[in-house]
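Heads up: the structure comes next, in structure tokens.
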Amino acid sequence: MLTCKQATLLASQRLDSTLNWQHRIQLWLHLLLCPRCRRFSRQLQFLQHAWQMASQQPSQEVSLSAASKARIAARLNAAQAELEQSKPR
Ligand SMILES: [Zn+2]
């Protein structure tokens, strides 16, 4: 029987390529008997699925309104001025 380390390695490799039938059976048997590796394998598959979903989404442009940009610039300028005044001379 596979060790947990071997099983997690195969579970990870399974995401990138097809395992040969011996490895598939060994992994299946280990996952059947080991709840921790079963959970790890499910989490890997969830992350792969989430990554695929996220990469299929068109990127969303984020933009600020002119008023927001002006407000941020004013805050930055005020913070800069405050910093200049607090510098030791
Ligand atoms: Zn295990």
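Work from the charge dipole of the chain (Cβ charges, +1 for Lys and Arg, -1 for Asp and Glu, about the Cα centre) and give the residue of 29, 62, 8 farthest towards its positive end. Projecting each Cα onto the dipole axis, the largest value belongs to 29. As a rough footprinting exposure proxy, the listed residues 12, 59 were ranked by other beta carbons within 10 Å of their own, and the order from fewest upward is 59, 12. Placing +1 on the Cβ of every Lys and Arg and -1 on the Cβ of every Asp and Glu, with no other charges, gives the chain a dipole of roughly 320 debye about its Cα centre.
By the rule of a second cysteine Cβ within less than 4.7 angstrom, the chain holds isolated cysteines at 4. Residues 37, 4 in ascending order of nearby Cβ atoms (within 10 Å, fewest first): 4, 37. Taking other C-beta atoms within 10 angstrom as a stand-in for reagent exposure, 87, 69 fall in the order 87, 69, fewest first. Taking 36, 14, 75 in turn, the Gaussian network model of the chain (Cα-Cα springs below 10 Å) assigns the largest fluctuation to 75.
Taken together, the values in this text are just the output of simple stated rules run on the coordinates, not laboratory data. This one's a predicted model, so the numbers in the text were calculated from it and none came from an experiment. Using ideal geometry, Cβ is built from the backbone for each residue, glycine included, and neighbour counts are taken over all protein chains shown.
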